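Below is one structure, written out as structure tokens; comments come after it.
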Amino acid sequence: MGEVDEAIERADRESFTRQPPKTLKGQIGFLLRRLGSAKAVAREIGVTADSVNRYRRGARKHARADVALRIEDAVRKRWQPQVRKRRQRQAATMTGITVETRARFGYTAPIGTTDDGRFRRLTVHLPPQYARRLFAARDAGASDQQMRAIIAEGFKEIYFQDGGARATGLSDVTLNDIDYLDLDY
């Protein structure tokens, strides 16, 4: 999972109206309701169906660390899908998306100006069309580099060019060496 995917996941988790189950038994119960059978849950988390039933009954109170992480990931991926969809739809149509990052920005600029990439810490609110493109790219299975390009294009238009008011000769903006990336919508 790339940095942009992780940032979208964090933003989704922040929008939850309730927290997902914390106990192993609660998590397995949730997965059983979502996936329908112990066999399906076992396939998802990489254990046997007997192990899933032991977790469900409470005969095993703790899973191995790697299995516990897979269980937690499977629960988080399926938790409150309607809340996620509603928030993403709202960001893509009305509110847009706020991107906070510290990264090295590289760009191509006209002769006589500097185009040296340097670290910048930026918080920029991107309009809904960038949120729509970002979510569509993620749903289509785009790479992290492709999603970074969408964010960089938004930074170019909104931050660097100020909607066409300055730096009109600026062309390719790239987002490299991300120190951190956080999204909010």
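Of note:
- Tilt relative to the chain, helix 24-35 - C-alpha long axis, 0 to 90 degrees, to 10: 80 degrees
- Low-density loop positions, chymotrypsin sites (Phe, Trp or Tyr not before Pro), segment 1-55 - DSSP coil, at most 15 other Cβ in 10 Å: PHE16
- Over all other residues within a Cβ to Cβ distance under 9 Å of ASP179, the charged ones net out to +2, with Lys and Arg as +1 and Asp and Glu as -1.
- Mean ellipticity per residue at 222 nm, deg cm²/dmol - from DSSP H runs of n ≥ 4 across the chain, formula -39500 (n - 2.57): -14500 deg cm²/dmol
- Kirkwood Rh, Cα atoms: Rg over Rh of the chain: 1.11
- Spatially proximal lysines relative to LYS85 (Cα-Cα < 18 Å; intrachain offsets below 8 disregarded): LYS77
- Cleavage-rule hits, trypsin sites (Lys or Arg not before Pro), segment 1-103, DSSP coil, Cβ neighbours within 10 Å at most 13: ARG18, LYS22, LYS61, ARG64
- A simple spin-label model places the labels of ALA59 and LYS22 2.7 nm from each other, with each point 7 Å out along Cα-to-Cβ.
- With the simple model of a label 7 Å out from the Cα in the direction of the Cβ, VAL67 to GLN146 spans 3.6 nm.
- Computed over protein heavy atoms with a 1.4 Å probe, the accessible surface of the chain works out to 56 Å² per residue.
- By definition, a body whose alpha carbon gyration tensor gives a ≥ b ≥ c is oblate when a/c is 1.5 or more and a/b is not larger than b/c, and segment 60-103 fits this oblate description.
- Extension gain, ARG104 to GLU14: 0.36 nm times the residue separation minus the Cα-Cα distance gives 29.8 nm.
The values are calculated or read from the model by the stated rules, or taken from the named source; none is laboratory data. Fair warning: this is a prediction, and the values are worked out from it, not measured in the lab. Don't worry about glycine lacking a Cβ; one is built from the backbone with ideal geometry, like all the others, and counts go over all protein chains shown. To get the accessible areas, we keep the full protein, side chains included, count just its heavy atoms, and leave off ligands, DNA and RNA. Shrake-Rupley method; radii C 1.70, N 1.55, O 1.52, S 1.80 Å.
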